[in-house]
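The values are calculated or read from the model by the stated rules, or taken from the named source; none is laboratory data. Here the structure is a predicted model, which means the values were calculated and not measured. Please note: Cβ atoms are built from the backbone with ideal geometry, for glycine as well, and neighbour counts cover all protein chains shown.
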Amino acid sequence: MEPISEAQRQALEALYQRVEARAADISGAHAWWPCRRGCDHCCRHLSAPLPLTELEWRYLWEGFQRLPAEVRAEVRTRVAEMERSRPYTCPFLDRESGACRVYAHRPLACRSYGFAAARDGGRWCQFISDLLAKHGDGDIVWANQDSLEETVASLGGPTSSLFEWFAAHP
Ligand code: SF4
Ligand code: SF4
């Protein structure tokens, strides 16, 4: 696979850091915010396989390659199983601990989930929606999901699903 250029890496990591800063601002300002390590409901109930741009896939691939061989094999087995089950459980989720095995390399969709609003108003996580109904969201500055997707798409390559990327890199 073609290596990531330094310029591409810096641009992608800057975008990821921007999303993480927004998420930290939101959760840091609201003690009731539910996202935390071990809350893996979103990773266990994906409505569709994760979408990634080619650049994101190459970045994720770096994290995947750092996993022990037996874990990489397990991930590939779970990718094959995913195609037969819905909702999807992400193959990168450590089902025992509820932690992401490629956390530092996870794609935009995982970083923005719960912290971004789409132009159509979509916010997706029911836990968050339930708490917002109680606490209100007037002071929350959401990330803009559509804008984030446009930005990551501009950084490199087409977008495909996790299935398709794995199938293309056996
Ligand atoms: S988005 Fe929802 S399910 Fe995912 S970590 Fe946050 S509260 Fe938990
Ligand atoms: S890549 Fe990590 S954060 Fe994203 S859905 Fe999979 S386990 Fe969850």
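Can you tell me which residue in region 112-170 is farthest from Glu62 (Cα to Cα), limited to those that are polar (S, T, N, Q) and assigned to a strand (DSSP E or B)? That would be Asn144. The residue of region 78-92 that is surrounded by the fewest Cβ atoms within 10 Å (Cβ to Cβ), among those that are within 16 Å of ligand 1 (Cβ to nearest atom) and either small (Gly, Ala, Ser) or at pLDDT below 95 (or both), is Pro87. Considering the conditions (1) at pLDDT below 95; (2) buried (at least 16 other Cβ atoms within 10 Å of the Cβ); (3) touching a Lys or Arg at 6+ places or on another chain (Cβ under 7 Å), Ser27 is excluded by exactly one of them, (3).
Yes/no per residue for (1) within 27 Å of Gly157 (Cα to Cα); (2) more than 12 Å from ligand 2 (Cβ to nearest atom):
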| site | (1), (2) |
| --- | --- |
| Arg44 | no, no |
| Leu50 | yes, no |
| Thr53 | yes, yes |
| Arg76 | yes, yes |
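Annotation note: of Val152, Val141, Val75, the sole residue that is exposed (fewer than 13 other Cβ atoms within 10 Å of the Cβ) and among the β-branched types (Val, Ile, Thr) is Val141. Pairs linking a residue in region 38-59 that is under 17 Å from Cys125 (Cα atoms) and charged (D, E, K, R) to a residue that is in a loop (DSSP other than H, G, I, E, B) and more than 10 Å from ligand 2 (Cβ to nearest atom), with Cβ atoms under 8 Å and 6 or more positions apart or on different chains, are Arg44/Pro87. Of the residues making up region 68-99, those that are aliphatic (A, V, I, L, M) and under 18 Å from the mean Cα position of the chain (by Cα) number 5.
Filtering region 109-123 to residues that are away from ligand 1 (no atom under 14 Å from the Cβ) and surrounded by 13 or more Cβ atoms within 10 Å (Cβ to Cβ) leaves only Ala118.
For Val71, the conditions (1) more than 16 Å from ligand 2 (Cβ to nearest atom); (2) in contact with a Lys or Arg (Cβ under 9 Å, 6 or more places away or on another chain) are fulfilled apart from (1).
Give region 1-34 a look and list any residue that's in a helix (DSSP H, G or I), of a type in the set (A, V, I, L, M), over 14 Å from the mean Cα position of the chain (by Cα) and over 20 Å from Trp165 (Cβ atoms), or say none. Selection gives Ala7, Ala14, Ala21, Ala24, Ile26. Under the condition of being among the basic types (Lys, Arg), in contact with a helix residue (DSSP H, G or I) (Cβ under 7 Å, 6 or more places away or on another chain) and in a loop (DSSP other than H, G, I, E, B), the residues counted in region 56-105 number 1. For Arg37, the conditions (1) surrounded by fewer than 15 Cβ atoms within 10 Å (Cβ to Cβ); (2) part of a helix (DSSP H, G or I) are fulfilled apart from (2). Does region 124-131 include one or more residues that are away from ligand 2 (no atom under 11 Å from the Cβ), within 23 Å of Arg18 (Cα to Cα) and crowded, with 18+ Cβ neighbours inside 10 Å? Yes, region 124-131 has at least one match.
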